[in-house]
Amino acid sequence: MENWKNSARTFWTVIVPPTFWLVTFFIIPLSLIWLYSFSSKTGVVDITLDWNLQQYMRALEPLYLGIFWKSIWMAAATTAICLVVSFPVAIAIVFSKPTMRMWLLLLVILPFWTNLLIRTYALIAVLRTNGFINSGLEWIVTHADWALSFIGLGDNTIIGPFTPLQLLYNNTAVIFGLVYVSLPFMVLPLYAALDRLDRSYLEASLDLGAGHTRTFFTIVVPLALPGIASGIVITFIPAMGSYLTPDLLGGTDSYMIANVIASQFKQANNWPFGAALSFLLMYATFFALALRAVLMRKEGRGDKR
Amino acid sequence: MSLFRRNPDPIGPLDYARRFWLRAIVTLTLFFLYAPILGLIAFSFNDSRRNVVWRGFTTDYYVKFFNNEGLMIAFGNSLTIALMTTVVSTILGALTAYVLWRYRFPGKAVYEGGMALPIVIPEICMGVAMMVFFARIGWPTGLPWPFNLGSITIAHIAFAFPFAAIVIRARLENFNRELAECARDLGANEYRVFRDIVVPHMKPGLIAGALLAFTLSLDDFVITFFTAGPETVTFPVKIYSMVRFSVTPEVNAASTVLILLTLVVTTIALWLQNRNNMIGKSAH
């Protein structure tokens, strides 16, 4: 790499256009809502910048604190489910034959390239009152009832008439949807971590008499810890800030923080408060990223030993 | 799939991929990932409005989709925005990658961090920031097509070009700097070195970055939703408004078209990258 002073003119010609775009159409808009977060709403459209903290104080009210807590809780539940499901999948991929491994990886990544909105819509078709799951259950119930009628227990004596399950528009549906869209986020870092793992450790552990479960918890998990941490952060961040999934799959009580931000900017028309909430969400994101950076640095040190 | 095929060798201690439980979990996970999407595609060809029971094959909903003026306008808008975003993002991404690859300058770490910001911040924050920005500077609305797509395109470029920069920079990493020095020793000026030596090497990265920018722009919903005015509707925004009402075969058909388009573009990108890796390997 050369010092920029060696060819200052080229340096400036090349660096100015992207920097201009980033500053004008990204940094300035963000700074604008940062300023809004310290402003007060003085009329229907009037907003005065008076450097007060009242928007942030309002975010600490139980209602909004509750929604923050709920977002964290839902994202944590999503991350936990993803971790439990992804670990066996990642292990299976790592220990497959090379061609099979390539195909499995491709199959895991492929849903990434499908539009998030479309994937969420696909889930609505599965979960809704007359969706695939309820229709399947209805078929099972009616046919079981028909079969039972041969031994005189038909006409809903044992298994009653089918009532569709309410699978959509609740928190479970939101978590289901979040797991569905963020599963690849977890599989890939776990795969990368397990792929680097020295297999002779596993062989040694198994040779010395530890079972597979014990080997997993005392050898695999500690060695893959940086990858696990990375996967957790990468899954957690988008899940916490997700807007579309709770919007389409959730009910009135499944509002997450992004939905509150959106409603402050759209329906409630309270931009300063929405701006304060946006920045709180961003600070949470940066905190999670910093945590990941620290964990990754630890891994870097570990490699040198 | 070799899930059920008998393999004569006994399962070794580390043959986790051949253990029944792990195979079952992988199969179930893939089913979980694919069944909804495949169901959606399959039922776009179903000859029934009810969308649950299969009543026979039809392409009626595709005909309806292509005859639906609102959807076609939205589709045209999306493609126009995606093409403009692709061109500008590739250029800006290439410049960013080049600067970060070639130069050492004070504040470089901060600069790199700034460039990564559009990738890491939650989409909703960027969406509302763009909305406030365009409202605040009084961006003109009601302009004739295609100028009414300006604000959405600007927002798309802002989040797409840092992605393109990452892809292009990855390609530049294995560039042999001596080649550029050679060219300079032989009398080429800065611009010629860039045009005749650096750009040809960057080309696969440029193509991959362009295709990435294209799919990012085509697929984006959240940022567009907040930036778009009432008169400018993109394809995902249109699908969103349809999804809000109900599950219909028309939406399935529209979704299938978008899935196929993204899939084709990404396959081309992967194929190009793969081919280049092969050429790279055989050259060594």
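Computed from the coordinates by the stated procedures, all read-outs in this text should not be read as laboratory data. Values in this document were obtained by computation on a predicted structure and should not be read as measured data. When we count neighbours, we look across all protein chains shown, and the Cβ atoms used for this are built from the backbone with ideal geometry, even at glycine.
In this structure, is B:Trp139 assigned to a loop (DSSP other than H, G, I, E, B) and in contact with a Ser or Thr (Cβ under 8 Å, 6 or more places away or on another chain)? Spelling it out, B:Trp139 is indeed assigned to a loop (DSSP other than H, G, I, E, B) and in contact with a Ser or Thr (Cβ under 8 Å, 6 or more places away or on another chain).
Taking the criterion of being of a type in the set (Lys, Arg) and buried (at least 19 other Cβ atoms within 10 Å of the Cβ), the only residue of the range A:94-122 that qualifies is A:Arg119. Every listed requirement among (1) within 30 Å of B:Phe225 (Cβ to Cβ); (2) out of contact with any Ser or Thr (no Cβ under 8 Å at 6 or more places or on another chain); (3) at the interface with chain B (Cβ under 10 Å from one of its Cβ atoms) is met by A:Asn115 save one, (2). For the range B:60-75, the criterion of being at positive phi and loosely packed, with under 13 Cβ neighbours inside 10 Å is satisfied by no residue at all. Would the range B:209-222 turn up any residue that is in contact with a His (Cβ under 7 Å, 6 or more places away or on another chain), surrounded by 18 or more Cβ atoms within 10 Å (Cβ to Cβ) and assigned to a helix (DSSP H, G or I)? Yes, the range B:209-222 contains a residue that is in contact with a His (Cβ under 7 Å, 6 or more places away or on another chain), surrounded by 18 or more Cβ atoms within 10 Å (Cβ to Cβ) and assigned to a helix (DSSP H, G or I).
Take the conditions (1) facing chain B (nearest Cβ under 8 Å); (2) surrounded by fewer than 21 Cβ atoms within 10 Å (Cβ to Cβ); (3) over 30 Å from A:Phe279 (Cα atoms); (4) not hydroxyl-bearing (Ser, Thr, Tyr); A:Leu137 misses just one of them, which is (1).
A single entry from B:Ser217, B:Ser255, B:Ser241 fulfils the requirement of being more than 10 Å from chain A (Cβ to nearest Cβ) and more than 15 Å from the chain's Cα centre (by Cα): B:Ser241.
Residues checked against (1) within 13 Å of another protein chain (Cβ to nearest Cβ); (2) of a type in the set (Lys, Arg); (3) farther than 25 Å from B:Ile259 by Cα:
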residue: A:Arg119; (1), (2), (3): yes, yes, no
residue: A:Ile133; (1), (2), (3): yes, no, no
residue: A:Asp155; (1), (2), (3): no, no, yes
residue: A:Leu168; (1), (2), (3): yes, no, no
residue: A:Phe176; (1), (2), (3): yes, no, no
residue: A:Phe185; (1), (2), (3): yes, no, no
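Each row is one residue, and each column tells you yes or no for (1) more than 10 Å from chain A (Cβ to nearest Cβ); (2) touching a residue at least 12 places away in the same chain (Cβ under 8 Å); (3) closer than 28 Å to A:Leu30 by Cα.
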residue: B:Lys203; (1), (2), (3): yes, no, no
residue: B:Ala213; (1), (2), (3): yes, yes, yes
residue: B:Val222; (1), (2), (3): no, yes, yes
residue: B:Gly229; (1), (2), (3): yes, yes, yes
residue: B:Pro249; (1), (2), (3): yes, yes, no
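The single residue among A:Leu248, A:Leu295, A:Leu244, A:Leu289 that is facing chain B (nearest Cβ under 8 Å) and surrounded by fewer than 19 Cβ atoms within 10 Å (Cβ to Cβ) turns out to be A:Leu289. Taking the criterion of being surrounded by fewer than 19 Cβ atoms within 10 Å (Cβ to Cβ) and either more than 23 Å from A:Ile232 (Cβ to Cβ) or touching a residue at least 60 places away in the same chain (Cβ under 8 Å) (or both), the only residue of the range A:185-196 that qualifies is A:Asp195.
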